[in-house]
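The values are calculated or read from the model by the stated rules, or taken from the named source; none is laboratory data. Remember, predicted model here, so these are calculated numbers, not experimental data. Counting neighbours? That spans all protein chains shown, and the Cβs are built from the backbone with ideal geometry, glycine included. SASA here: full protein model, heavy atoms, side chains in, ligands and nucleic acids out. Shrake-Rupley method; radii C 1.70, N 1.55, O 1.52, S 1.80 Å.
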Amino acid sequence: MGDETIRGRVWKFGDHVDTDLIIPATYLDTTDPERLGRHAMEGADPQFAANVRRGDVIVAGANFGCGSSREHAPLALSGAGVACVAAESFARIFFRNAINLGLPVFEAPGIHGAASQGDVLEIDPARREIRNVTTGAAVPFSPYPGFIQSIIAAGGLIPLVRLRLGEGRFHESV
């Protein structure tokens, strides 16, 4: 994630979008992000996977990713090309799975009311702000601690560990 600005079109969902809506259990026989991506958000919007474009952004209400602890949910979103998820709040296990798998997630109270389906958002990690390019509205978000920034910048926890092992720096805290 670093300081790179993310710019994408909004797909808007409500509160309590659970992991069954993100990726139905029928598709849990694989961990291939591309295959999972073909069915991402199928339970909430059957047309999502066919119409989402690489770099699009999901905006959601409270408790996004609640339900089971399946890692398939953030994998499916990444596989569909979703650049990030911005929500009022996240279920803790989804939040951690997304971080570990390198999918940026931004907890931004007020974002649900500040974005509509199809709007264009710019997420600026350096300024800690989500700006709605369509309307001009801006919503702040809290920064990640350094160790979480490192995980996302590396593309996930496993790539970070591989990087640090290759550099002989594994003894550093993740």
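Only one of the numbered conditions (1) open to solvent by less than 20 Å² (accessible area, probe 1.4 Å); (2) more than 22 Å from PRO159 (Cα to Cα); (3) in contact with a helix residue (DSSP H, G or I) (Cβ under 9 Å, 6 or more places away or on another chain) is not met by VAL17, and that is (3). When the range 67-84 is filtered for residues that are open to solvent by 10 Å² or more (accessible area, probe 1.4 Å), small (Gly, Ala, Ser) and in a loop (DSSP other than H, G, I, E, B), the ones remaining, listed by number, are GLY67, SER68, SER69, ALA83.
Among the candidates ALA87, ALA115, ALA98, the residue that is open to solvent by less than 50 Å² (accessible area, probe 1.4 Å), in contact (Cβ under 8 Å) with a residue 12 or more places away in the chain and touching a Pro at 6+ places or on another chain (Cβ under 7 Å) is uniquely ALA98. Please tell me if GLY55 is in contact with a strand residue (DSSP E or B) (Cβ under 9 Å, 6 or more places away or on another chain), without any contact (Cβ under 8 Å) to a residue 40 or more places away in the chain and in a loop (DSSP other than H, G, I, E, B). Taking the combined requirement at face value, the residue does not satisfy it.
Can you find a residue that is open to solvent by 60 Å² or more (accessible area, probe 1.4 Å), farther than 26 Å from GLY146 by Cβ and modelled with pLDDT under 95 anywhere in the range 54-66? No, that holds for no residue.
Within the group VAL133, VAL105, VAL139, which residue is open to solvent by 40 Å² or more (accessible area, probe 1.4 Å) and closer than 24 Å to VAL10 by Cβ?
Matching residue, one of VAL133, VAL105, VAL139: VAL133.
Look at GLU42 and say whether it is at pLDDT 95 or above, surrounded by fewer than 17 Cβ atoms within 10 Å (Cβ to Cβ) and of a type in the set (Asp, Glu). Criteria not met by GLU42.
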